[in-house]
Amino acid sequence: LPRVFMLRGKPCKSAFIAGCCTAPESRKKGYMKGLLSHTANVLRERGCFFAFLHPFNHEFYRKLGWNTVSDMMCCESLPVKDSICSLSIDIYDSNRMLDIYKKFVSKYDFYFDRDIDDILPNSSKRR
């Protein structure tokens, strides 16, 4: 899947690899290695030098030449009096949701540059 991610504040062309797996009876035959190698070659030919995936096992992909960019999740919350503040917004207010996303991720590298369609795809209820 074609994506743009941000690195040091600059957009970089990338791809997101999703939904890849090998049936149990076909494992240990090099099919995934071949698929990922072929995919990497096609992406390079298209001028795309970064690809992302969510691995089931980091070491499995490391053996195939992949590296881990991040393996942690960061969550922040703001205390309000004696409780935790939750933000309540209309789920169809995609512009507000996009603003919140961009403000949160702007302090990190390797986040996907999203637009309105990523936040609320194919919706006629956009504001």
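The values are calculated or read from the model by the stated rules, or taken from the named source; none is laboratory data. If you're wondering where the values come from, they're calculated on a predicted model, not measured in any experiment. Backbone-built Cβ (ideal geometry, glycine too); neighbour counts: all protein chains shown. Please note that ligands, DNA and RNA were not included when accessible areas were found on the heavy atoms of the full protein model with its side chains. Shrake-Rupley method; radii C 1.70, N 1.55, O 1.52, S 1.80 Å.
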For segment 8-65, alpha-carbon Rg and Dmax in angstrom: 12.9, 44
Exceeding the 29 Å Cα-Cα cut-off - candidates LYS13/LYS102; LYS13/LYS107; LYS13/LYS33: none
Whole-Hz couplings from phi, Karplus 6.51/-1.76/1.60, listed for segment 94-107; x for Gly and Pro: 5, 4, 5, 4, 5, 4, 5, 4, 5, 5, 5, 7, 4, 8
Ranking by accessible area, most exposed first, for CYS12, CYS21 with a 1.4 Å probe: CYS21, CYS12
Estimated distance in nm for a label pair at LYS13 and VAL105, the labels positioned 7 Å out from Cα along Cα-to-Cβ: 2.0 nm
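Would you kindly state how much longer the chain becomes between ARG114 and CYS20 on full extension, computed as 0.36 nm times their sequence separation minus their alpha carbon distance, in nm to one decimal?
In short, 31.5 nm is gained.
Skip the ligands, DNA and RNA, and give the accessible area per residue of segment 2-57 with a 1.4 Å probe, whole Å².
74 Å²
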Extension gain (nm, one decimal) between SER37 and HIS58, 0.36 nm per residue minus Cα-Cα: 5.9 nm
